[in-house]
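The values are calculated or read from the model by the stated rules, or taken from the named source; none is laboratory data. Here the structure is a predicted model, which means the values were calculated and not measured. Positions of Cβ are generated from backbone atoms using ideal geometry, with glycine treated the same way; all protein chains shown enter the neighbour counts. Ligands, DNA and RNA are stripped out before the accessible areas are found, and what is left, the full protein with its side chains, is counted by its heavy atoms. Shrake-Rupley method; radii C 1.70, N 1.55, O 1.52, S 1.80 Å.
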Amino acid sequence: MKKRTKIILGTLIVIVIAAIAIPMYISRQHTTFRAEVMDHMGMLDTLDRLVIRKIAINGPYNEDEVTITDPQEIKDMLKLAKDLELRRVQEIDPSEWAPYYYEWELLLKKEDRFTEGFGITFYNEHAVSIYSGYKTRDQHEHYEITNEFNLNEMERLFTNLKEGKE
């Protein structure tokens, strides 16, 4: 009887641990753009600059680049992605990339003491990678976009910014 009680107790402990660990693991896989990027901006932080590059995958290496230094324009660009719902993935399949992708380099001035950066790469409507300069581990993460995202809107705004700068 004593051995049977130990087996039942051991089984019960394994079930309880699994019931706690599995939901924690699953919830960690789902996140938002706001949680990964925007929530790390404090009240005293200043949006320093946003460099946007449009890079063609095939053909000669030519990239279009726009640098935005106006904080309000940077906020307008961040509004494009603020509601993105993300799910962590191990890697992004290059065969699903669009003919070009957008690379954002966002720099924040943290309380006028030091600069912190994010690198955000939009491969298509379904894939994004985020490099977080504030993290000490897992700085570069790949995500699948689980809600609707319009890359054409980013193309339109990028073109308007490019024409406005030239």
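Can you tell which of N58, N152, N124 shows the greatest fluctuation in a Gaussian network model of the chain with Cα springs below 10 Å? Of the options given, N58 has the highest mean-square fluctuation.
Here is how the number arises for the chain: DSSP H runs of 4 or more residues each give -39500 (n - 2.57), the sum is divided by the residue count, and the result at 222 nm is -11000 deg cm²/dmol.
Heavy-atom accessible area with a 1.4 Å probe sorts E163, E125, E116, largest first, into E163, E125, E116. Residue ranges 140-149, 77-86 sort as 77-86, 140-149 when ordered by packing (mean number of other C-beta atoms within 10 Å per residue, highest first).
In the context of the full set of protein chains, the range 73-166 has a per residue accessible area of 56 Å² (1.4 Å probe). From the C-alpha coordinates alone, can you work out the Kirkwood hydrodynamic radius of the chain, in Å? That comes to 18.2 Å for the chain.
In the chain, the portion of solvent-accessible area held by carbon and sulfur atoms comes to 54 percent [1.4 Å probe, whole percent, DNA, RNA and ligands not counted]. For V14, the accessible area of its heavy atoms, probed at 1.4 Å with every protein chain present, is near 100 square angstrom.
Membrane-span-like helices in the chain: DSSP H runs reaching 24 Å or more (Cα, own axis), mean Kyte hydropathy at least 0.5? Helices meeting the span and hydropathy rule in the chain are 2-29.
If R0 equals 22 Å, the separation of the Cβ atoms of R156 and Q72 corresponds to a calculated FRET efficiency of about 0.75. Between A98 and T115, the contour length at 0.36 nm per residue exceeds the alpha carbon distance by 3.0 nm.
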